[in-house]
Structure formats: C-alpha cells, structure tokens
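Written below as structure tokens is the structure these notes are about.
The values are calculated or read from the model by the stated rules, or taken from the named source; none is laboratory data. Keep in mind that what you see is a predicted model, and the values were worked out from it rather than measured. Here the Cβ positions follow ideal geometry from the backbone for every residue, glycine too, while neighbour counts run over all protein chains shown.
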Amino acid sequence: MTLEVEMPHPDMPGMKQKGRVYVCDLAGTEPAGDIVYALYEKKTFDSGDIEYKFLGPHQDQRKTKELQDQGKKINLSLSEVQAWIRVLPRNMHGGP
C-alpha cells in the first residue's frame, strides 16, 4: 500500500514537493526475517526530485535485529492501517 502526498515547496514558488510512504503490515504474511535495516545512496536530480538507491543491508546486524523485533511487535491489522490512511488527508487539511 502506498500513500503519496504532493505539496507546494515552502521556499521555492512554483515548485512542488512529493513524498511517498510505503506502508507494510509487518504482522501480516511477510516474515520479519525479510526486513533489513538498509543503506541507501541519495541522488538529487536537477528537477529537485530525490531518489534513494538501495545499496544493501547495514553492516551492523544489531540494527536489523532491532528492526525485525519491532516488526514482530506490530499488531495492527491492514484494515486499521487503511482506515488511518483514509482519514489522514482530512486530518491534514483540518476537515471535520
């Protein structure tokens, strides 16, 4: 599931910022062992877009273990996450 948000850049008129959040329900079918604390390379384009390239797992395996342990503790169902995402835009805009 993906949540994508686009908003005006606060310091650059005419430019927009776009953010994307990938939501993963770690309590679901994905084994926690598939989750890694990762290293990324940041690339900034002339357009202002930023891309992060996955380089691989972090060398400190304790970070991955901690992340996997957190994943095992997550107990939200996918329907609860979807409900939260449905009300997020309304909450961001101060709606009822």
For this session: Hey, can you tell me all the residues within the stretch 51-96 that are modelled with pLDDT of 80 or more, of a type in the set (S, T, N, Q) and not in a helix (DSSP H, G or I)?
Result: 59
Exercise. So residue 28 fits all but one of (1) modelled with pLDDT of 75 or more; (2) in a loop (DSSP other than H, G, I, E, B); (3) out of contact with any strand residue (DSSP E or B) (no Cβ under 7 Å at 6 or more places or on another chain); what number is the exception?
Worked result: (1)
Problem set entry | Residues that are surrounded by 10 or more Cβ atoms within 10 Å (Cβ to Cβ) and either over 15 Å from residue 84 (Cα atoms) or in contact with a strand residue (DSSP E or B) (Cβ under 6 Å, 6 or more places away or on another chain) (or both), drawn from the stretch 1-16 | 3, 5, 7, 8, 9, 12, 15, 16
Exercise. When residue 19 is evaluated against the numbered criteria (1) of a type in the set (Gly, Ala, Ser); (2) at positive phi; (3) at pLDDT below 90, which criterion, by number, is the only one it fails?
Worked result: (2)
Exercise. Across the stretch 1-16, what is the number of residues that are at pLDDT 80 or above and among the β-branched types (Val, Ile, Thr)?
Worked result: 1
